[in-house]
Amino acid sequence: MSDALRFSKNLIIFTIAYNLVEGIFALYFGIGENSTTLLSFGLDSFIEIYASIIALLGLSNTSKISQQFAEKLIAYSFLVLVFFIIFKSSYDLLNSYKPEPSFYGILIALVSIFVEGPLSYKKLQIGKASNNSVIIAEAKETLFCLNLSVLVIVGVGVNYYTDLWYFDPIAALLMIPWLLYEFSQHK
């Protein structure tokens with residue numbers, strides 16, 4: 001096994017551990033404060049864990065999962081989040097189901113930016129250098145989580161500072177074009 005492949009596997013294992021902690025906190029505060037963006041963020045953390053596990057299987061010499069099949073499994077994980085966001089955001093907006101302001105949601109998103117930014121960059125760099133589509137797809141899931149962090153800060157932050165509650169579900173809806181683009185690139 002090459003050093004780059006070993007290093008990428010270690011980065012993916014770190015991604016799993018980090019996202020487990022991030023996902024638990026994001027879901028806890030998302031449920032407690034009815035924040036669509038925080039709930040989507042928490043769900044994306046678990047989708048990222050799924051993508052990371054699939055990537056590890058796709059990179060394994062003993063796995064029966066081909067790299068192409070692993071990449072497709074990761075791609076379809078993006079669709080799961082699209083359906084959740086459409087359902088939850090629509091429900092909240094149509095029923096004026098208001099989220100509570102969340103300081104901790106902003107804090108979780110800020111930590112995510114500082115962790116997942118360098119992590120996604122390094123995985124993308126390794127994936128492109130080794131021309132490995134599985135590492136690239138998994139890195140893009142991490143990159144999406146980074147971008148999602150910015151949307152969480154916008155949606156949750158505007159609600160926190162101005163009490164304009166509808167920014168929360170609208171920020172979640174803004175995630176959909178990127179999710180669909182990533183799905184189309186890897187299906």
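Any read-out appearing in this document is the output of simple, stated calculations on the displayed coordinates, not a laboratory observation. Quick caveat: nothing in here was measured; it's all calculated off a predicted structure. Positions of Cβ are generated from backbone atoms using ideal geometry, with glycine treated the same way; all protein chains shown enter the neighbour counts.
One table, with the values for the structure above:
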quantity	calculated
Semi-axis lengths, Å, the chain, gyration tensor of Cα atoms, sqrt of 5 times eigenvalues	31, 16, 12
Under 25 Å from the Cα of Lys72 - lysines, other chains or at least 8 residues apart	Lys9, Lys64, Lys122, Lys123, Lys128, Lys140, Lys187
Length released on extending from Ile13 to Lys128, taking residue separation times 0.36 nm less the Cα-Cα span	39.5 nm
Cα-centred dipole magnitude for the chain, charges only on beta-carbon of K, R (+1) and D, E (-1), debye, nearest 20	660
Within a Gaussian network of the chain (alpha carbon springs, distance under 10 Å), most fluctuating of Leu59, Leu148, Leu39	Leu59
Cβ-based net charge around Tyr50, under 12 Å, with every Lys or Arg adding one and every Asp or Glu removing one	-4
Between helix 67-95 and the chain: long-axis angle, C-alpha atoms, 0 to 90°, nearest 10	0
